[in-house]
Amino acid sequence: MRAVLLMVASTCCFGLMAIIIRIASKSLHPFEIAFFRSFFGALAAAPLLWRNGRSMLHTDRLIFYVLRCAIGTLGMLAGFWAIAHLPLAQAIALSYSSPLFVTIGAVLFLGEVVRLRRWSAVVAGFIGVLVIVRPGTDGFTAASLVAVFAAAMTGIVTISIKFLSRSDPADTIVLLTTWLWVPLSLPAALWVWQWPPASVWPWLIATGVLGTGGQYFWTHALRLADASTLAPFSYLQLIIVAVLAWLTFGETLDRYTALGAAIVIGASLYIARREAKLARQRHAEPVTAVAEPPV
């Protein structure tokens, strides 16, 4: 129950953060919002250092962290840009395709054997992505491809948790990741820099606090329960975003996004359950079918 509550809290944080990113994007470029999300998120994560001491900064895999965070920064920039330029429900629905890329990445980078049933789920998931994106129709936009790219980057980063969780505690992963995002996201922000107006600062601070809080809750939830158990609760984010986007911006959830999201979520849930079963058979490997959350 504690793990479920943590996952629901994480989902609420990321859902609210998506709404705030859209609000802030009316005044600032998404790349700059991503930097301030990282900056204020790093400040929000600082109490972890005070609680656990400097020893939590020690890791033998610093280079791996830098590479992981560089790829994660690309995913964050693309994801924030997609949130600013797509209907919010569509942007979030496409982000749920990350587990499909996790499965592919596990084959390419980890040498994992994926058999027919999981490949069938991956194919079904990408059919769902095509339903949402609708290439060749009037509903297709290039921004949707940016959202898919963000999901792919997130999927690649998620694979790194298989390595980091074996040696580093959850608080170390959250703190080092959050702090490394600051310098890595700065160059893109400087490229489009303009000083934020006073009215936007509260929203920027909120993105950092909600983003770090969401990642903290998510990381600790996955240490308490199987990803397959928690996956259904992580998808509450789509409902939260769809309702808030309707109330705040008057956006409605179109039938293609709803149908495609249902296919993608169904495929992801099947992959999560299948990986959980295989993980229990191996007795050791953590399940990664629930991709790292939007940052």
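The values are calculated or read from the model by the stated rules, or taken from the named source; none is laboratory data. Everything numeric here is computed off the predicted structure, so don't read it as measured data. For accessibility, only protein heavy atoms count, side chains too; no ligands or nucleic acids. Shrake-Rupley method; radii C 1.70, N 1.55, O 1.52, S 1.80 Å.
Taking 0.36 nm per residue of separation and subtracting the Cα-Cα distance, what length does fully extending ALA70 through VAL123 add?
On the way: separation 53, 0.36 × 53 = 19.08 nm, distance 2.82 nm.
Net length gain for the segment: 16.3 nm.
Given an 8 Å cut-off on Cα distances and at least 6 residues of separation, report the relative contact order of segment 1-116 as a percent.
The normalised contact order for segment 1-116 reaches 31 percent.
What ³J(HN,Hα) values, in whole Hz, does the Karplus curve 6.51 cos²θ - 1.76 cosθ + 1.60 give for segment 195-202 when θ = phi - 60°, with x put for Gly and Pro?
Here the 3J(HN,Hα) series is 5, x, x, 4, 5, 8, 3, x Hz.
Translational D (Stokes-Einstein, µm²/s) of segment 33-183 at 10 °C and 1.306 mPa s when Rh comes from the Kirkwood sum over C-alpha pairs?
Here the translational diffusion coefficient equals 94 µm²/s.
Determine by what factor the alpha-carbon radius of gyration of segment 147-229 differs from 2.2 N^0.38 Å, reporting the quotient.
After normalising by residue count via 2.2 N^0.38 Å, the value is 1.31.
For Cα pairs less than 8 Å apart in space and 6+ apart in sequence, what is the mean separation divided by the residue count of segment 60-205, i.e. the relative contact order in percent?
Here the relative contact order equals 40 percent.
Each residue of segment 253-262 in turn: what ³J(HN,Hα) in whole Hz from Karplus with 6.51, -1.76, 1.60 and θ = phi - 60°, glycine and Pro shown as x?
7, 6, 5, 5, 5, 5, 5, x, 4, 4
For segment 13-88, which whole-number percentage of the solvent-accessible area (1.4 Å probe, protein heavy atoms only) is attributable to carbon and sulfur atoms? Write out the running numbers ahead of the final one.
Details: 2250 of 3230 Å².
With neighbouring chains kept in place, the figure for segment 13-88 is 70 percent.
Take every Cα pair under 8 Å in the chain that's 6+ residues apart, average their separations, divide by the length, and report that relative contact order as a whole percent.
In percent, rounded to a whole number, it is 41.
Taking θ = phi - 60°, what integer Hz values does the Karplus form 6.51 cos²θ - 1.76 cosθ + 1.60 yield along segment 123-135, in sequence order, with x for Gly and Pro?
My calculation for segment 123-135 gives 4, 4, x, 5, 5, x, 4, 5, 5, 6, 6, 6, x Hz in order.
If you average the C-alpha positions of segment 213-281 and of segment 80-99 separately, how far apart do those two centres end up, in angstrom?
Centre-to-centre (Cα) distance: 13 Å.
Where does each of TRP195, TRP81, TRP203 land when they are ordered by accessible area, with a 1.4 Å probe and the largest first?
Largest to smallest exposure gives the sequence TRP195, TRP203, TRP81.
Run the Debye formula on the Cα coordinates of segment 3-43, all scatterers equal and no solvent, and tell me log10 I(q)/I(0) at q = 0.15, 0.22, 0.25, 0.34 1/Å.
Summing over Cα pairs of segment 3-43 leads to -0.43, -0.76, -0.86, -1.05.
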